[in-house]
Amino acid sequence: ESAISVKKNSDNIVEAINAEDIGKLPDATVAETVARLPGVTAQRNKVTGRASSISVRGMSPDFNGALLNGREQASTGDSRGVEFDQFPAELLSGIVIYKTPDAGLVGQGLSSTIDLRTVRPLDFGKRAVVVNYRELKTGIDSGAGEGKGDRVSLSYVDQFADRKVGIALGFTKMKDNGAAIQRFNGWGGWVTDVPFGGGTVKTPGGFGSDTEQTVANREGTMAVLQIKPSKDTEVVVDYFKSQGDFGTYKHGLEGPVGGLSTGPYDSGGTLRTATVSGGVATSGTIDNFRGVIRNHAEAYQDSLESMGLNFKTKLGGWRAVADVSESKVSRNSE
């Protein structure tokens, strides 16, 4: 109902999601949450497989503007499109997506502007403490090895000095060792003629067989200090930090089949026994096979740190607003 109220009372065309309470957005990350909205879709990261980038009305994620409490955010991605999986949902109170331009927004995008909002402690009627723990399990009964992990979050909101001072603190930590995925390919589907039984039979030119697993870890921290000495004056200090460590690891075997050879160390061996159907060896035994053991790792670490100071006051018929902020990121890929 509160999200509908935001849309109804806005002067722009917007989509909104609001949490009933702190830490209660419906998904683990912002990318998964906003993908529920009309005209909004999530694109998955090539390394982690997790929902990361956001497309609005089918346009590229690079055309979005990303804000945190109204302030433009730097990107850990390969381009200007922000990767929204770095924002843990437990540390946010709401999300508003502007689908039309607004002169009051900084860092607007061509397709949309996505404003992520942390809590304001003086908006709460009393002290609030939320503790959340979840266990994760994936790939159940897949036969390739189950994945497991956990997610824990802690949030604290309180008010002091006759509700003139408020603080909000939040921390979340996620660890996920993904399920193993078995992948097999036949070197593009082409075949080769292999000597067998005084003639030739067709076999796959080669094969690759891998077991793939992703590992993901993320920690997020939030702090908000809100001071409101009077109804006309307000000071808000925000701090947000998120850092993650992700990797995809592949282990397996690759090589040519039968009489094919790709070099002195990659011999396809000799086809000794085979079941032949229509001139094609559908199964069999190969001697002196030399393959290549595959060990591939693709990993990266990222860190986002954002802070801001906002001051508002009203002097007679005038309203003064000052805002200072910084957003910086780093990413190391391997």
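The values are calculated or read from the model by the stated rules, or taken from the named source; none is laboratory data. As the structure is a computational prediction, the values presented were derived from the model and not from experiment. Please note: Cβ atoms are built from the backbone with ideal geometry, for glycine as well, and neighbour counts cover all protein chains shown. Only protein heavy atoms, including side chains, enter the accessible area calculation; ligands, DNA and RNA are left aside. Shrake-Rupley method; radii C 1.70, N 1.55, O 1.52, S 1.80 Å.
Some observations on this one:
- Shape class of the range 177-261 from the alpha-carbon gyration tensor: prolate, with a/c at 1.5 or above and a/b greater than b/c.
- Taking only protein heavy atoms and a 1.4 Å probe, the accessible area of the chain is 52% carbon and sulfur.
- Rolling a 1.4 Å probe over the heavy atoms of the protein chains gives the range 190-334 an accessible area of 56 Å² per residue.
- Entry note, the chain: the mean residue ellipticity at 222 nm calculated from DSSP H runs of n ≥ 4, each adding -39500 (n - 2.57), is -1000 deg cm²/dmol after division by the residues and rounding to the nearest 500.
- Rounded if a/c under 1.5, otherwise prolate or oblate - the range 45-180, Cα gyration tensor axes: oblate
- For the residue pairs K173/K250; K164/K241; K7/K328; K137/K173; K7/K314; K7/K99, the alpha carbons lie more than 22 Å apart in K173/K250; K164/K241; K7/K328; K7/K314.
- Electrostatic bookkeeping for S333 treats Lys and Arg as +1 and Asp and Glu as -1; over the other residues with beta carbon under 11 Å from its beta carbon, the sum is -3.
- Solvent exposure of the range 1-158, expressed per residue, is 48 Å² of accessible area, with all protein chains present and a 1.4 angstrom probe.
- Counted charge near Q301, where neighbours are those whose Cβ lies closer than 12 Å (Asp, Glu -1; Lys, Arg +1): -2
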